[in-house]
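> I'd like to ask you about the structure that follows.
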Amino acid sequence: MQVKRALETHAPGLSVVGSNYPPSPPKALLAKGVGVAQFLVIGATLGGQHLYPAGTEPAWLKSLQESKLQACMAAWFMGNVASQNLISTGAFEVYHDGAVIFSKLETGKAPDLNAIVEAVLNARRAALALGRGAQ
């Protein structure tokens, strides 16, 4: 949000659009798998005893059912944390007219507000000098 405000202040008329950077397809698929596993564990905890004849439940299922609330909460929170970590890219990518101005994915560094503003303003000046107009 600070970058958007700074750019709008220093370059009036510049359109700043923020969006989420998508995770890689394998990570997105794995995150969905974690969600499915999360609900399977909760389902087994709440109703898994109906899958086995009386007295033949596996030890892990008995353990889950002895403390249903804790097992369900653990599955819920741990599944959510795992899913969020899988889909979080940590990306902060800045483009101007299709060109990369700053990439946290490439540099591995946190963005420097002043450097980004200066790079965007330089790219904008170059575009204006080439006669492409303000974008």
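> For residue 97, all conditions in the list (1) outside the structural domain of residue 117 (by TED's automatic domain parsing); (2) closer than 30 Å to residue 124 by Cα hold save one; what is the number of the exception?
All conditions pass for residue 97, except number (1).
> Here's a follow-up. Restricting attention to segment 80-96, does a residue exist that is farther than 25 Å from residue 108 by Cα, aromatic (Phe, Trp, Tyr) and more than 16 Å from the chain's Cα centre (by Cα)?
Looking for residues that are farther than 25 Å from residue 108 by Cα, aromatic (Phe, Trp, Tyr) and more than 16 Å from the chain's Cα centre (by Cα), one finds none in segment 80-96, hence no.
> Condition (residue is of a type in the set (A, V, I, L, M, F, W, C), without any contact (Cβ under 8 Å) to a residue 12 or more places away in the chain, more than 27 Å from residue 41 (Cβ to Cβ) and loosely packed, with under 12 Cβ neighbours inside 10 Å) applied to segment 117-133: is it met by at least one residue?
Among the residues of segment 117-133, at least one is of a type in the set (A, V, I, L, M, F, W, C), without any contact (Cβ under 8 Å) to a residue 12 or more places away in the chain, more than 27 Å from residue 41 (Cβ to Cβ) and loosely packed, with under 12 Cβ neighbours inside 10 Å, which makes the answer yes.
> If you don't mind, another one. Among the residues of segment 65-90, count how many are surrounded by 13 or more Cβ atoms within 10 Å (Cβ to Cβ) and either of a type in the set (Gly, Ala, Ser) or more than 24 Å from residue 30 (Cα to Cα) (or both).
Count: 8.
> Taking only segment 106-116 into account, find how many residues are closer than 23 Å to residue 27 by Cβ and loosely packed, with under 13 Cβ neighbours inside 10 Å.
5
> Moving on. So, residue 52, is that one among the aromatic types (Phe, Trp, Tyr) and outside the structural domain of residue 116 (by TED's automatic domain parsing) or not?
yes
> For segment 1-38, give me each residue that is part of a helix (DSSP H, G or I), of a type in the set (A, V, I, L, M) and within 20 Å of residue 93 (Cα to Cα).
Of everything in segment 1-38, those that are part of a helix (DSSP H, G or I), of a type in the set (A, V, I, L, M) and within 20 Å of residue 93 (Cα to Cα) turn out to be 3, 6, 7, 28.
> Out of the residues in segment 17-41 that are surrounded by 16 or more Cβ atoms within 10 Å (Cβ to Cβ) and in contact with a Ser or Thr (Cβ under 6 Å, 6 or more places away or on another chain), state the one that is nearest to residue 4 (Cα to Cα).
That would be 23.
> Shifting gears a bit: Counting only residues that are under 30 Å from residue 10 (Cβ atoms), give me the helices (runs of 4 or more DSSP H) lying completely in segment 39-116 with at least 1 of them.
The qualifying helices (runs of 4 or more DSSP H) are 104-107.
The values are calculated or read from the model by the stated rules, or taken from the named source; none is laboratory data. Values in this document were obtained by computation on a predicted structure and should not be read as measured data. Cβ sites come from the backbone with ideal geometry, for glycine too, and all protein chains shown count toward neighbours.
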